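These notes concern the structure reproduced below.
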């Protein structure tokens with residue numbers, strides 16, 4: 001039986017959504033993230049090999065700079081079953097993101113939030129509720145970006161406002177799930 005469906009029938013939604021996010025370091029050590037500690041938590045599902053995901057490196061770095069020092073936790077997540085821990089470590093070292101690049105070994109986090117693409121973003125509030133899910137912005141070409149959806153969603157949460165940006169469908173490469 002699917003544990004999430006079973007528990008979903010008995011646990012109130014806020015309790016289920018506020019559960020810690022469990023990721024893994026590339027060496028397998030668990031990492032638990034308590035979303036209640038931040039005004040916003042941003043999950044970015046990325047790939048080491050997807051050209052669309054890789055094209056977002058500069059824009060992701062810009063998000064880190066923009067939200068530096070604010071109560072925002074940015075989590076980089078590799079949920080692809082076909083990308084090894086060693087590949088993930090090499091990629092993280094090459095790109096020099098200022099935070100760890102975690103593995104979602106059994107797609108637990110991707111499945112919990114319904115992530116299907118790389119890159120794909122999920123913005124979570126301090127109660128654990130997903131407030132935005134979709135593309136980071138509205139254009140593959142950075143020169144054509146009109147809506148910085150993730151940035152706007154996080155700024156709304158930081159200001160105590162409901163997220164006003166409408167979800168933009170994520171585009172890129174499919175997450176390779178565990179079979």
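Every read-out reported here was derived from the displayed coordinates using simple, explicitly stated rules and does not represent laboratory data. Note that the structure is predicted; figures quoted are calculated from it, not measured. When we count neighbours, we look across all protein chains shown, and the Cβ atoms used for this are built from the backbone with ideal geometry, even at glycine.
Note on the chain: helix-only mean residue ellipticity at 222 nm, from DSSP H runs of 4+ residues weighted -39500 (n - 2.57) and normalised by residue number, equals -7500 deg cm²/dmol. Shape summary: segment 63-136 maps onto an equivalent ellipsoid whose semi-axes, from the alpha-carbon gyration tensor, are 21, 18, 10 Å in decreasing order. To the nearest 0.05, what FRET efficiency results for residue 64 and residue 179 with a Förster distance of 41 Å applied to their C-beta separation? According to the calculation, E is roughly 0.75.
For segment 116-179 versus segment 18-42, the inter-centroid distance based on Cα atoms is 18 Å. Translational diffusion of the chain, estimated by Stokes-Einstein from the Kirkwood radius over alpha carbon pairs at 25 °C in a medium of 0.890 mPa s, is 149 µm² per second.
When both bridge partners sit in the chain, DSSP labels roughly 65% of those beta bridges antiparallel.
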